[in-house]
Amino acid sequence: MLLVAMAGQTTYSYYGCCFFGVIELSGIPLVVVDLFHPKHKQWTQLAHSNSAIEAVNNGARALFAALYMLVRAFYFPYVVFTQVLPDAWAVYSLPAAERASASTFALLFIPTFGVLFSLLQWYWASLIARQVAKLLAPDHKPKHQ
């Protein structure tokens, strides 16, 4: 991620606010969700012993899932495929003398990682969707006990 940020510092700097700002909105409720994760036993016990804290945790989980789907599963790939890739292609199609400071490496590196990160976002979105489906599904007891 650091290499992508460094490589895009000049050529794609106007996308920085999107990918390192707007996209990170889903990380805010994730901090709360992670705090009350079962790996933090004392925080988990606190959440289970206080209904208000448990409500905050459950609200943060729902908000995280919704924001993740909106900004990472949909908006992130939308920007990559409808803006970054066409912009990169348009600049790459120019003669080298007209590209200003846009190196061929930057024009290929950033869009390639944009596509790869989009695939990663979709993979994580599928994991979140499975967790949501499991949460919303009626309880099924195993047939063999």
Note to self: Whether any residue in segment 39-52 is closer than 30 Å to Ser118 by Cα and loosely packed, with under 14 Cβ neighbours inside 10 Å is what I want to check.
What the structure shows: yes
Notebook entry, point to check: Quick one: in segment 97-134, which of the residues that are hydroxyl-bearing (Ser, Thr, Tyr) and open to solvent by less than 50 Å² (accessible area, probe 1.4 Å) is nearest to Pro86 (Cα to Cα)?
Noted result: Ser118
Notebook entry, point to check: Of the residues that sit in segment 53-62 and are aliphatic (A, V, I, L, M) and under 20 Å from Ile128 (Cβ atoms), which one is surrounded by the fewest Cβ atoms within 10 Å (Cβ to Cβ)?
Noted result: Ala62
Check: Which residues, taken from segment 1-33, are at pLDDT 75 or above and not in a helix (DSSP H, G or I)?
Finding: Phe20, Gly21
Next item on the list: Would you mention how many residues in segment 37-48 are hydrophobic (A, V, I, L, M, F, W, C) and either in contact with an Asp or Glu (Cβ under 8 Å, 6 or more places away or on another chain) or at pLDDT below 65 (or both)?
Entry: 1
Item checked: Filter pass, Ala73 being within 25 Å of Phe113 (Cβ to Cβ), at pLDDT 90 or above, surrounded by 17 or more Cβ atoms within 10 Å (Cβ to Cβ) and out of contact with any Lys or Arg (no Cβ under 9 Å at 6 or more places or on another chain) -> yes
Checklist line | Filter pass, Val84 being crowded, with 16+ Cβ neighbours inside 10 Å and touching a residue at least 12 places away in the same chain (Cβ under 8 Å) | finding: yes
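The values are calculated or read from the model by the stated rules, or taken from the named source; none is laboratory data. If you're wondering where the values come from, they're calculated on a predicted model, not measured in any experiment. For neighbour counting, all protein chains shown are included, and Cβ atoms are generated from backbone atoms with ideal geometry for every residue, glycine included. Only protein heavy atoms, including side chains, enter the accessible area calculation; ligands, DNA and RNA are left aside. Shrake-Rupley method; radii C 1.70, N 1.55, O 1.52, S 1.80 Å.
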